[in-house]
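Q: I have a structure here, written as structure tokens, and I will follow up with some questions on it.
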Amino acid sequence: MTTNKKSNALRLGVLAGSIAIGAMFAGSALAEPAIIYDLGGKFDKSFNESAYNGASGWAKETGNSYREFEIANDAQREQALRKFASSGANPVVIAGFSWAAALTKIAPEFPDTNFAIIDMVVDAPNVRSVVFNEHEGSYLVGALAAMKSETGKVGFVGGMDIPLIRKFYCGYAQGAEAINPDIEIFENYTGTTPAAWNDPVTAGELAKASFSKGADVIYAAAGGSGLGVLQAAADAGKYSIGVDSNQNYIQPGSVLTSMLKRVDVAVAKAFEDGTSGNWTSGFNVMGLANGGVGWALDEYNKDLITDEMKAKVEELSAKIQSGEIVVHDYTTDSSCPAG
């Protein structure tokens, strides 16, 4: 393709995105809350879908409506934020750390609009920054992995290789080593660009490679890519661990558990506070102590978790909440004491 053709294609892509965003606001009512999802779509069965569940759950409970938009590329971020804010949506919730640069620019332009960003901190008087103690929840599922493993070898497949996802891995490794100090952990990532969140084929191949080395449980913290890990584990007769949303149902009997990251709660809370006059901006941390993270036990995995495993993980959870166990956060110093 020539340079001119590439430029024209890019312009057409941006134009199409502009038309899509513009059409979304035709005839819309004012003062509704809004949610804008990250790349990968609202039905990724992971992070974005948890955000969607929070928004749709709030709407069902209150009978109110909200607006939503799924971006198709990074070029739409600033435009979508500006369109929502200028049309009167309030609050505007954005899911994902990749929104930080756009929000940092747009928030000061609309001081009367409240924004919430999930998984990143943006310091502005009208922004609520919600972050999670993913390392705490990952510690618990790491302990479960080690208790379930018969080979003494477990795996981890992350999405984009960034500090946030290494935070998941580090918590997982610490939890596994708390149960078995000699456990072997295989660490992999699907890529170094945003495409890593939607590459289940690569994630599945990484999982298969770890299974071939003897791993029998693999934790997937990879957004939509993680579905490839869940499928590979089911095909191999091994176990996987889901993330963000409860993914136990996707491969019943093969998903050992899911590390719950309650993005749904964060979104519903932002909608509730923003529409009831109880909005607060600032830094919000969601961890084990306030139900922000946890692990999933339901009809799909109840036969995989013994009473002893459940008792042990509940004991570890209590110790983390009391401060007796301090799970190291990789993002504080870019290091991990385990793995």
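The values are calculated or read from the model by the stated rules, or taken from the named source; none is laboratory data. Because the structure is predicted, anything quoted here is derived from the model rather than measured. FYI the Cβ positions are ideal-geometry reconstructions off the backbone, even for glycines, and counts take in every protein chain you see.
Q: May I ask you to verify whether ARG128 is of a type in the set (D, E, K, R), under 22 Å from LYS261 (Cβ atoms) and part of a helix (DSSP H, G or I)?
A: Values: of a type in the set (D, E, K, R): yes; under 22 Å from LYS261 (Cβ atoms): yes; part of a helix (DSSP H, G or I): no.
No: the conditions fail for ARG128.
Q: Then there is this: Determine if region 64-81 includes at least one residue that is farther than 22 Å from PHE47 by Cα, small (Gly, Ala, Ser) and buried (at least 18 other Cβ atoms within 10 Å of the Cβ). Spell out the reasoning first.
A: Keep residues of region 64-81 that are farther than 22 Å from PHE47 by Cα, which gives 64, 79.
With the extra rule that they be small (Gly, Ala, Ser), the set shrinks to none.
No, region 64-81 contains no residue that is farther than 22 Å from PHE47 by Cα, small (Gly, Ala, Ser) and buried (at least 18 other Cβ atoms within 10 Å of the Cβ).
Q: Next up: Just checking, does region 270-286 include any residue being assigned to a helix (DSSP H, G or I) and under 19 Å from ALA173 (Cα atoms)? Spell out the reasoning first.
A: Let us first name the residues in region 270-286 that are assigned to a helix (DSSP H, G or I), namely 270-276.
Adding the requirement that they be under 19 Å from ALA173 (Cα atoms) leaves none.
No, region 270-286 contains no residue that is assigned to a helix (DSSP H, G or I) and under 19 Å from ALA173 (Cα atoms).
Q: Considering each of GLN247, GLN231 in turn, give the residue that is surrounded by fewer than 24 Cβ atoms within 10 Å (Cβ to Cβ), modelled with pLDDT of 95 or more and over 23 Å from SER335 (Cα atoms).
A: Details: GLN247 fails: surrounded by fewer than 24 Cβ atoms within 10 Å (Cβ to Cβ).
So the residue among GLN247, GLN231 that is surrounded by fewer than 24 Cβ atoms within 10 Å (Cβ to Cβ), modelled with pLDDT of 95 or more and over 23 Å from SER335 (Cα atoms) is GLN231.
Q: Would you check which residues across region 148-194 are surrounded by 18 or more Cβ atoms within 10 Å (Cβ to Cβ), under 20 Å from the mean Cα position of the chain (by Cα) and among the hydroxyl-bearing types (Ser, Thr, Tyr) and list them?
A: TYR169, TYR172, TYR189, THR190
Q: Looking at region 285-339 only, could you name the residues that are exposed (fewer than 13 other Cβ atoms within 10 Å of the Cβ), hydrophobic (A, V, I, L, M, F, W, C) and assigned by TED's automatic domain parsing to the domain that holds ASP244?
A: Hits for region 285-339 are ALA311, ALA318, VAL326.
Q: Say whether the condition of being more than 25 Å from LYS269 (Cβ to Cβ) and over 22 Å from the mean Cα position of the chain (by Cα) is met by at least one residue in region 292-300. Give the steps one after another, and end with the answer.
A: First pass over region 292-300, keeping only residues more than 25 Å from LYS269 (Cβ to Cβ): 299-300.
Okay, now just the ones that are also over 22 Å from the mean Cα position of the chain (by Cα), so 299.
Yes, because at least one residue in region 292-300 is more than 25 Å from LYS269 (Cβ to Cβ) and over 22 Å from the mean Cα position of the chain (by Cα).
Q: Let me ask something else. Condition first: closer than 17 Å to ALA89 by Cβ and among the acidic types (Asp, Glu). Now tell me which residues in region 99-125 satisfy that.
A: Listed by number, the residues that qualify are GLU109, ASP112.
Q: Which residue out of LYS269, LYS238, LYS261 is over 20 Å from the mean Cα position of the chain (by Cα) and of a type in the set (Lys, Arg)?
A: Details: LYS269 fails: over 20 Å from the mean Cα position of the chain (by Cα); LYS261 fails: over 20 Å from the mean Cα position of the chain (by Cα).
Exactly one of LYS269, LYS238, LYS261 is over 20 Å from the mean Cα position of the chain (by Cα) and of a type in the set (Lys, Arg), namely LYS238.
Q: A further question follows. Suppose we keep only residues that are buried (at least 23 other Cβ atoms within 10 Å of the Cβ) and either at pLDDT below 95 or hydroxyl-bearing (Ser, Thr, Tyr) (or both) within region 200-226. Which one would you say is farthest from PHE47 (Cα to Cα)? Break it down stepwise before answering.
A: So in region 200-226, the residues buried (at least 23 other Cβ atoms within 10 Å of the Cβ) come out as 203-204, 206-207, 210, 215, 217-226.
From what is left, the residues that are either at pLDDT below 95 or hydroxyl-bearing (Ser, Thr, Tyr) (or both) are 210, 219, 223-225.
Numbers: SER210: 24, TYR219: 15, GLY223: 6, GLY224: 8, SER225: 11 Å.
Among those residues, the one meeting the criterion is SER210.
Q: Condition check: more than 20 Å from GLN76 (Cα to Cα), in contact (Cβ under 8 Å) with a residue 60 or more places away in the chain, more than 15 Å from the chain's Cα centre (by Cα) and buried (at least 22 other Cβ atoms within 10 Å of the Cβ). Does GLY142 satisfy that? Explain how you work it out, then say what you get.
A: Values: more than 20 Å from GLN76 (Cα to Cα): yes; in contact (Cβ under 8 Å) with a residue 60 or more places away in the chain: yes; more than 15 Å from the chain's Cα centre (by Cα): yes; buried (at least 22 other Cβ atoms within 10 Å of the Cβ): yes.
When the stated conditions are applied, GLY142 passes them.
Q: Sort out which residues of region 204-241 are in contact (Cβ under 8 Å) with a residue 60 or more places away in the chain and not in a helix (DSSP H, G or I), and write them in order of number.
A: Across region 204-241, the qualifying residues are LYS213, GLY214, ALA215, ASP216, VAL217, ILE218, TYR219, ALA220, ALA221, ALA222, TYR239, ILE241.
Q: Within region 97-123, track down each residue that is small (Gly, Ala, Ser), touching a helix residue (DSSP H, G or I) at 6+ places or on another chain (Cβ under 9 Å) and surrounded by 17 or more Cβ atoms within 10 Å (Cβ to Cβ). Lay out the reasoning, then the answer.
A: Of region 97-123, the ones small (Gly, Ala, Ser) are 98, 100-102, 107, 116.
Pick out the ones that are also touching a helix residue (DSSP H, G or I) at 6+ places or on another chain (Cβ under 9 Å) and you get 98, 101-102, 107, 116.
Selection gives SER98, ALA102, ALA107, ALA116.
Q: Another one. Looking only at region 69-102, which residues are among the charged types (D, E, K, R) and assigned to a helix (DSSP H, G or I)?
A: Looking only at region 69-102, we keep the residues that are among the charged types (D, E, K, R), and these are 70, 74, 77-78, 82-83.
ASP74, ARG77, GLU78, ARG82, LYS83 - these are the residues of region 69-102 that are among the charged types (D, E, K, R) and assigned to a helix (DSSP H, G or I).
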